[in-house]
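Each reported figure results from applying straightforward, stated rules to the coordinates on display, with no laboratory input. None of these values were measured; they are calculated from a predicted model.
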Amino acid sequence: MHRVSRRAKGREGEEMAVGYLIIKGYSILERNYRNRFGEIDLIAKDGKTVVFIEVKRRNTDSYGLPMESVDIKKQKRLSKAATAYITEKRVTNLPCRFDVVSIYNDRIELFKDAFDLPEGFLW
């Protein structure tokens, strides 16, 4: 029996998310953007808004639902990575937000504006 690696499942989930987001009108700018603060699964534009997207996929709820895994620690890491992206790409004049794409048993759900910057966080 062949087991699929976590990385392969993650890539498959991201592909599902990209297709879903394109149908929703997003344009994908970056995939797996990395800097010293962490990784952002997808960066897209929704209209004029730059959107930082975390993709979470689960086939079982034994560790909770996918959205629940984007805890405050993960939010802070994403916020720091997003801030570095904004500075690097000089997109300080555009609105930004954080979305989460949750994939549970191949059911895709989009959480727009899933969280705000953590308390005390400065852009």
Handout entry: Cα-based shape type of the stretch 14-54, given that a ≥ b ≥ c are square roots of the gyration tensor eigenvalues and the cut on a/c is 1.5
Key = oblate
Problem - Greater than 18 Å apart at Cα, pairs in Lys9/Lys74; Lys24/Lys48; Lys45/Lys74; Lys9/Lys112; Lys48/Lys73 - result: Lys9/Lys74; Lys45/Lys74; Lys9/Lys112; Lys48/Lys73
Fill in the blank from the handout: Looks like the stretch 6-114, by Cα gyration tensor root eigenvalues a ≥ b ≥ c and the a/c under 1.5 rounded cutoff (else prolate when a/b is bigger than b/c, oblate otherwise), is prolate
Practice task
Give the distance, in whole Å, between the Cα centre of the stretch 74-102 and the Cα centre of the stretch 20-54.
Solution key: 9 Å
